[in-house]
Amino acid sequence: MTEQKNETTSSKAEKFVSKNAKILIVCVVVIACAVAGYILGNSISSKSSAKALAEIDNISYELTKDSVALETTELDARRATAFEKLVPYAQKGGVVGVRANMLCADLAYQQEKYEDSAKYWEAVAAKSKKSYTAPIANYNLGVCYEQLGKLDDAIAAYKKAADAADFTLRAHASYSYGRALEAKGDYKAAVEAYTALNDRTPEDTWAKLAKTRILTLQVEGKAE
């Protein structure tokens, strides 16, 4: 009975993660843009940077305006236009380059161009090593690498995101780190990752899912 209950709970958890993967990656983009907007509003003095950011905001607005009612071909046309306009900004440094690359990464992911999305997230990580957007970029890199079947790269990216103490989605990144280790077959390391997450924030939803994975692995004889 216990074994069946653990497997059922685990199955539900994995279905939840799989179903919401794309939603989650978009959510972190929204969070990053909101934080970036706050910082920019308080610290940017460069008129050129302010103008560039306003243009990027306009590109984003044109892309999403009344998009719910659009056909797939129309959406693809908008995305192509947005990409074309964003490319010059994505090549810039600082927060302008970060913001543009984040939008490009999200667009590529929506079109299931995971290799392209990963490249843009790599650019974000490189341009914002000490900022709030770095762990967001690393988390999303992990997502893209998983989609590409690059488990070792996904594990490394999730680990970087999970190690960022001030990352809002640290628990989720920590769970994903453990899950990627488990997918690779490194059950001992996965249990260690899940245990660390559960010890740190036992009441968090992702920590509870981690505890479920530990129990499931123990039932399956893959962990002590």
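The figures follow:
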| item | result |
| --- | --- |
| Simple spin-label estimate for Asp186 and Ser46 in nanometres, 7 Å along Cα-Cβ | 3.8 nm |
| ³J(HN,Hα), Karplus 6.51/-1.76/1.60, whole Hz, each residue of the range 195-205, x for Gly, Pro | 5, 4, 5, 5, 5, 6, 9, x, 8, 6, 4 |
| The range 70-159, Rg to Rh (Cα coordinates; Rh as Kirkwood inverse mean 1/r) | 1.00 |
| Per-residue ³J(HN,Hα) for the range 80-89, Karplus 6.51 cos²θ - 1.76 cosθ + 1.60, θ = phi - 60°, Hz, x for Gly and Pro | 4, 5, 4, 4, 4, 6, 7, 3, x, 6 |
| Rounded to whole Hz, the Karplus (6.51, -1.76, 1.60) HN-Hα couplings of the range 125-134, x for glycine and proline | 4, 5, 8, 9, 4, 10, 9, 4, 6, 4 |
| Kirkwood Rh, Cα atoms: Rg over Rh of the range 76-123 | 0.95 |
| Label zone at Glu115 (point 7 Å along Cα-to-Cβ), backbone N below 14 Å, the range 68-83 | none |
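We did not get these values from a lab; they are worked out from the coordinates using the rules stated. All values derive from a computational prediction rather than experimental measurement. Neighbour counts are summed over all protein chains in view; Cβ atoms, including those assigned to glycine, are modelled from backbone coordinates with ideal geometry.
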